[in-house]
């Protein structure tokens, strides 16, 4: 039984992905600092933050699902920024795939939790 959000695989994967994005984005050009770099870092970090927030709202299914939906939305935004970084030449095809694949895995996990929140709710 999961007793803390830190134990959730979806949180662990999203946290790891945000860290990988942070490291890779350090090499992007300075002119991208306030646009692409900040946007992707914020969105990637927000996925895990919303998962953590959802954990605190497990007494109320609608609130729990709402925060998970926010996490899912941010996860989709991450993909947009990854595709933009690739298009603009800041990520290779290999790097893109190494980031998009776990991002999509996080999305599937979030989707499963959204569709079936009952096992996570406090009763």
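Numbers at a glance
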quantity	calculated
Leading residue by the ranking (surrounded by the most Cβ atoms within 10 Å (Cβ to Cβ)) among those in segment 1-25 that are assigned to a loop (DSSP other than H, G, I, E, B) and without any contact (Cβ under 8 Å) to a residue 40 or more places away in the chain	3
Residue within segment 92-110 that is surrounded by 16 or more Cβ atoms within 10 Å (Cβ to Cβ) and over 20 Å from residue 9 (Cβ atoms) present	yes
Number of the exception - residue 123 against (1) more than 16 Å from residue 9 (Cα to Cα); (2) surrounded by fewer than 16 Cβ atoms within 10 Å (Cβ to Cβ); (3) modelled with pLDDT of 95 or more	(3)
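So that you can scan it fast, the table gives a plain yes or no per residue for (1) at pLDDT 95 or above; (2) farther than 25 Å from residue 123 by Cβ; (3) over 15 Å from the mean Cα position of the chain (by Cα):
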| position | (1), (2), (3) |
| --- | --- |
| 23 | yes, yes, yes |
| 26 | yes, yes, yes |
| 34 | no, yes, yes |
| 51 | yes, no, no |
| 56 | yes, no, yes |
| 60 | yes, no, yes |
| 71 | yes, no, no |
| 91 | yes, yes, yes |
| 110 | yes, no, no |
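The values are calculated or read from the model by the stated rules, or taken from the named source; none is laboratory data. Given the structure is predicted, the values throughout are model-derived calculations rather than measurements. Ideal geometry is used to build each Cβ from the backbone, glycine not excepted, and the neighbour counts take in all protein chains shown.
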